[in-house]
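First up is the structure itself, then whatever we jot down about it.
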Amino acid sequence: MLELDRDLNCLPVTWWGRCAYFLLPYKRSKAKKNIDRVFQSSLAPSEKKRLCMAYYSHIITSIKEIILYALVSKKYLERHIEIIGLEYLQSAINKGNGTLVLTGHFGNWEFAPLFFLDKFNSKNHIFYCVRKNLRFAFLDSIFLRRFKRCGFKIISAKNAVTQTRRALKNNGIVFFPFDIRPSSKIKNRVNADFLGQKTSTNLSLAYLARIYDSSVLSITFYRTNKRQHIIHIYPEVEGVVNSEYKQTLIENTQLYNKRLEEMLLLYPEQWLWSYKRWKNNG
């Protein structure tokens with residue numbers, strides 16, 4: 001059973017978040033379905049309702065911040081960004097085998113990372129970000145342009161393994177979103193537990209870490225109040241080595257999902273509950 005340390009009844013909810021909750025019927029709300037699916041009877045209906053309203057409040061606030069980025073100076077905004085755990089990243093880089101940074105759709109994932117490289121001495125390092133194309137091309141171009149201007153090189157999700165291999169060979173640092181359900185066309189995947197549910201999960205991260213002996217760190221983003229954003233880097237995920245190669249990949253992939261869960265459950269309202277992470281959730 002999933003355990004939450006925070007009192008869900010105290011999650012921040014805005015007027016806009018309440019409106020979104022009541023205007024979106026259950027049949028059309030993936031967020032409501034996913035929250036029901038994951039927490040089932042472990043949360044009271046009132047707690048699930050509060051979590052969903054807090055999620056919608058968070059998403060609307062995130063949209064406002066993305067718009068604000070185009071209107072307000074970056075120097076002003078970066079005063080509200082704090083980074084925790086930079087020493088873990090520096091230690092991984094020093095090993096010289098490339099670094100894989102496990103992440104997901106946490107906090108304002110299109111906003112907080114834009115300030116990361118400015119706060120880290122990145123002149124001697126190349127940072128990459130694996131990104132999947134958005135449905136709306138004009139939004140995709142805006143977000144890609146912002147990431148590139150901040151110093152990230154973009155790796156297309158369609159050819160991520162090949163491009164990531166090149167990056168790791170040059171001791172690059174690759175941000176790898178791991179909460180995305182892989183395409184059914186991809187062979188390098190396995191069913192693994194995520195939030196208590198079996199779901200298709202990409203094996204590529206475990207494969208890349210194994211063949212290049214690269215460190216796998218994790219990073220999450222979250223908002224602690226209306227303005228303050230935290231970029232939190234966690235220690236390396238210590239992988240296992242099994243006598244069977246495929247089993248090693250499977251077990252390490254499960255460890256990565258476990259780390260995602262730990263980061264997600266600290267601020268459960270700030271994960272992308274509207275995403276169709278499980279295949280048969282409507």
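The values are calculated or read from the model by the stated rules, or taken from the named source; none is laboratory data. Quick caveat: nothing in here was measured; it's all calculated off a predicted structure. Cβ placement follows ideal geometry from the backbone for every residue including glycine, while neighbour counts extend to all protein chains displayed.
Considering segment 111-162, and only residues there that are small (G, A, S) and in contact with a strand residue (DSSP E or B) (Cβ under 9 Å, 6 or more places away or on another chain), the residue that is nearest to S73 (Cα to Cα) turns out to be A112. Checking I84, I66, I59 one by one, the residue that is within 21 Å of the chain's Cα centre (by Cα) and in the same structural domain as V174 (by TED's automatic domain parsing) is I84 and no other. Segment 190-282 holds strands (runs of 3 or more DSSP E) entirely within its bounds, and those carrying 3 or more residues that are crowded, with 21+ Cβ neighbours inside 10 Å and in contact (Cβ under 8 Å) with a residue 60 or more places away in the chain map to 215-223, 229-234.
For segment 69-78, the criterion of being polar (S, T, N, Q), loosely packed, with under 13 Cβ neighbours inside 10 Å and out of contact with any Pro (no Cβ under 6 Å at 6 or more places or on another chain) is satisfied by at least one residue. Within the option set I219, I211, I154, being in contact with a Ser or Thr (Cβ under 8 Å, 6 or more places away or on another chain) and either in the same structural domain as L255 (by TED's automatic domain parsing) or within 28 Å of F120 (Cα to Cα) (or both) holds for one residue only, I219. For segment 138-180, the set of residues classified as among the aromatic types (F, W, Y) and over 15 Å from A206 (Cα atoms) consists of F138, F143, F147, F152, listed by residue number.
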